Every structure is written in structure tokens, then in C-alpha cells.
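The next block holds one structure in the form of C-alpha cells; read it before the comments.
The values are calculated or read from the model by the stated rules, or taken from the named source; none is laboratory data. Note that the structure is predicted; figures quoted are calculated from it, not measured. Don't worry about glycine lacking a Cβ; one is built from the backbone with ideal geometry, like all the others, and counts go over all protein chains shown. Just so you know, the surface numbers come from the protein's heavy atoms only, side chains and all, with ligands and any DNA or RNA stripped out. Shrake-Rupley method; radii C 1.70, N 1.55, O 1.52, S 1.80 Å.
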Amino acid sequence: MSILTFQFETYSIFENLKKEGKLPMTTKLKNYFPMIRSREEILKEIDDNIKLTEKFYSWGDAARQEFLDFCTGVRGVKLLYDSFFKEIMNPETVPERLEDFLSVLLQKKVKIVEVLPGDSSRIADEQSILIMDILVRFEDGTYCNVEVQKIGYAFPGERSACYSSDLLLRQYKTARSRKKEKFTYKDVKGVYTIILMDKSARIFDEFSEKYVHTFRQGSDTGLAMDLLQNYIFIPLDIFRENVHNKGIKNKLDAWLVFLSMDEPERIIDLITAYPEFKAMYEHVYNMCRNVEDVMGIFSEELKILDRNTVKYMVDEMQETIDEQKKQLKTSAETIDEQKKQLKTSAETIDEQKKQLKTSAETIDEQNIQIKTQQNKIDKLQDKIELLKKQLKEK
């Protein structure tokens, strides 16, 4: 496609949007964030830059619409995109934001002192589900792994227990190496594994009004003992349903709205009830003023999304194939069982046929005996009649 064609299509899109009334002078969010730019400004900047024009039209219609919507405040920005989250919630540059979220979630004051490298091999293996993975160390030595999943992983408990164990072992090795001969197990401070799922696994559907599930190991006798591993699962899809029905009830709800919802009305409700979130949205919309940079971020997110979607579809198809194999195996076992039952039934029928044949032969034999006896009776009857006649004559 030529540059002139790009420019003509850009102009055409703009004119059509304007005719359809989709280019308002201001959006609802622009009333609260005046730095938000209009579609006209953004499309003009794209139109004036060949590189931006080429990149913009390399995206599909839905992606172009999404980009324009969040840049102009028609929709909020999806903060769970890895690049946006790391910019807005970066524990190295603005640790107080992640600290506040974790303090509210864990119901205790936390202070982040170090951002640790994550398990890159695990992220590579699970790129079809992972949106983001952050590992931090608190002031008291506790490790906290915050993970965002696009789609809730199968067997969430088993999987989280495995990675929590790896993390605990990593902390143990670090503490043992640092303390050397002075090491005691009290130096191992424990780990938190926090899983946020944009679309949760079916297991969470049973609890349609619960969206924070906390797990701690405990005794059936009431004996108190710190077993160091803690888990929190947050199904964001269930949370969104609850917020739509009941509204924002507390600070944790406010954080989850900020992280997972992009409806302008909900954002306005949030910053009205909790004004401290306004500064973070200002950070977002100031990022969006730099069209070139935010197009680069968005383009990278689309690549990740495409790659993850393909891998997820492959994983899903494999699960379908595995399930069909199980069904075929079950069907084959059922057929084998039915064959056995048929064979048993055939043998039973054969046995019954033999018994019927024997019974028929017995009946025939009995009929012959009856006929013989009847002949004898008839002869005796004749003799009796003869005797009666003779007696009468005498």
C-alpha cells in the first residue's frame, strides 16, 4: 500500500467517525484529565508521520479502534498490559503504589526493599497464560510473587504450590548462604503467592460472590505453627461482576477496579471515592500523549497477545484432543464391556436352548408314556364293558 493510500484511508476514517458522531470534542474522562488528546489530534499526528502511519495500519480494525479509544479517553487503559503495569506500578521507581496495593490485600503494612529476578524459564513455558510476573522482597525478609494470568491455569492449587515451594527453597538457600554457620530455620521468612486471573478457571465459578481466596496451612487440632507458605487467588472476572452489581465497597475493590476495569463511568466513580488514584491515571494519560512511544508499547502488547493467543489455542486444541482420546478410550472400554455382556448373554441363551431341548425331549417321552398308559386304560375299559355285558346276560 502506498503512502498516499495510507493518508487517504486515515482521512477517510477520520471523516467517517466525525459523520457518525464518534469524534466528540471532549470525552467523559477528558473532563477529569485535560491532558487527554482528541482523535483528530492523534490521527493527524499519525497521518503526518510515515512510520506511525505504517505501524497504525499494520494493526487490525479492532486494535486500531482500541488504541484510539484509550488514548482519547473513550475507554480507560488496560492496566494489566505488562508494559503499562510495569510503568505505572514499577516497584523500582514508584514502590509506594505496589506497597499500598499489597498492604491493603495482605492487611498489614509492607515495605518493598528489593525487586528480584523472576523464573524466566517458567514464564517462557507458560507464556500463553502469563501477562505479568513480579517478585519482590519485603523489609521483614518475606518474598512476594505477584502474578497476573490472562486465563486461569488448570490445576491452580497444585501449580501454585509447586512454584511457592521453589520460591521458599530459593529463600532458604539465600538465607543459609548469608548466615552460614549462624543460620537457623527462623531466618526463613516465608513467601506469598498472589495470583490475579483476568479470566478465572471453572473451579472459582462455584463462589460467585467471592473474589479473594486466601489459603494458609493450618492444623486440625488448633496447634499454631507458621508453615511459611501463603496463597491468594483473585478471579478478576468474578470481581467485575460483583462490582457491576454492588459497586466499590472498600480500598481493595478500588485497587481491583484500577487494575482490571476500563469503563469511563467506573473510573470516574473510583477517582471520586478515592482521589489518590487520579495521579496514577494522570501518569497513564501523560504516557498516551506521546503517540510514538505508546504505539510502540501497544504494538509490543499486540505481538505478545498474538503469540500467546496462538499458543493458548494450541494448548486448548491439545486439551480437546486429550479429552477426545479419553472419551474414545472410555467408549472402547464400554464397547468391550458390552461385547463381554453379549457373549455372556449368548452363552446363557445357548444354555437355555439346551435346557429347552432337554425339556422338550422329556415332554415327548412323557407324552409317549401317557399314550401307552391311555392304551392300557382303553383296553381295560373294553374288558370292563365286556364283563358288564356278560353279567347282565347271566
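Of the residues making up the range 192-215, those that are open to solvent by less than 70 Å² (accessible area, probe 1.4 Å) and either at positive phi or in contact (Cβ under 8 Å) with a residue 40 or more places away in the chain (or both) are Y192, T193, I194, I195, L196, M197, D198, S200, A201, F204, Y211, V212.
Restricting attention to the range 34-46, the residues that are in a helix (DSSP H, G or I), open to solvent by 70 Å² or more (accessible area, probe 1.4 Å) and either touching a Gly at 6+ places or on another chain (Cβ under 7 Å) or farther than 18 Å from D293 by Cβ (or both) add up to 1. Looking only at residues that are hydroxyl-bearing (S, T, Y) and open to solvent by 30 Å² or more (accessible area, probe 1.4 Å) in the range 156-191, which one is farthest from M132 (Cα to Cα)? In this case the residue turns out to be T184.
Within the option set N31, N49, N90, being within 18 Å of S260 (Cα to Cα) and either surrounded by fewer than 20 Cβ atoms within 10 Å (Cβ to Cβ) or polar (S, T, N, Q) (or both) holds for one residue only, N90. Consider the range 63-80 and keep the residues that are assigned to a loop (DSSP other than H, G, I, E, B) and touching a Leu at 6+ places or on another chain (Cβ under 9 Å). The one that is farthest from Q149 (Cα to Cα) is T72. Against the condition more than 26 Å from V191 (Cβ to Cβ) and either in a helix (DSSP H, G or I) or open to solvent by 40 Å² or more (accessible area, probe 1.4 Å) (or both), how does F239 come out, does it pass? Considered against the rule, which asks whether it is more than 26 Å from V191 (Cβ to Cβ) and either in a helix (DSSP H, G or I) or open to solvent by 40 Å² or more (accessible area, probe 1.4 Å) (or both), F239 comes out as no.
Looking at D315, D322, D306, can you tell me which residue is open to solvent by 90 Å² or more (accessible area, probe 1.4 Å), at pLDDT below 85 and not β-branched (V, I, T)?
Working: D315 fails: open to solvent by 90 Å² or more (accessible area, probe 1.4 Å); D322 fails: open to solvent by 90 Å² or more (accessible area, probe 1.4 Å).
Exactly one of D315, D322, D306 is open to solvent by 90 Å² or more (accessible area, probe 1.4 Å), at pLDDT below 85 and not β-branched (V, I, T), namely D306.
One line per residue, one yes/no per condition, for (1) modelled with pLDDT of 95 or more; (2) open to solvent by less than 10 Å² (accessible area, probe 1.4 Å); (3) not acidic (D, E):
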| site | (1), (2), (3) |
| --- | --- |
| A224 | no, no, yes |
| K246 | no, no, yes |
| V257 | yes, yes, yes |
| D262 | no, no, no |
| F277 | yes, yes, yes |
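Scanning the range 109-132 for residues that are within 17 Å of Q171 (Cβ to Cβ), under 26 Å from the mean Cα position of the chain (by Cα) and not basic (K, R), we see that the one that is modelled with the lowest pLDDT is D119. The listed residues are V257, V284, and the only one of them that is part of a helix (DSSP H, G or I) and either polar (S, T, N, Q) or within 26 Å of the chain's Cα centre (by Cα) (or both) turns out to be V257.
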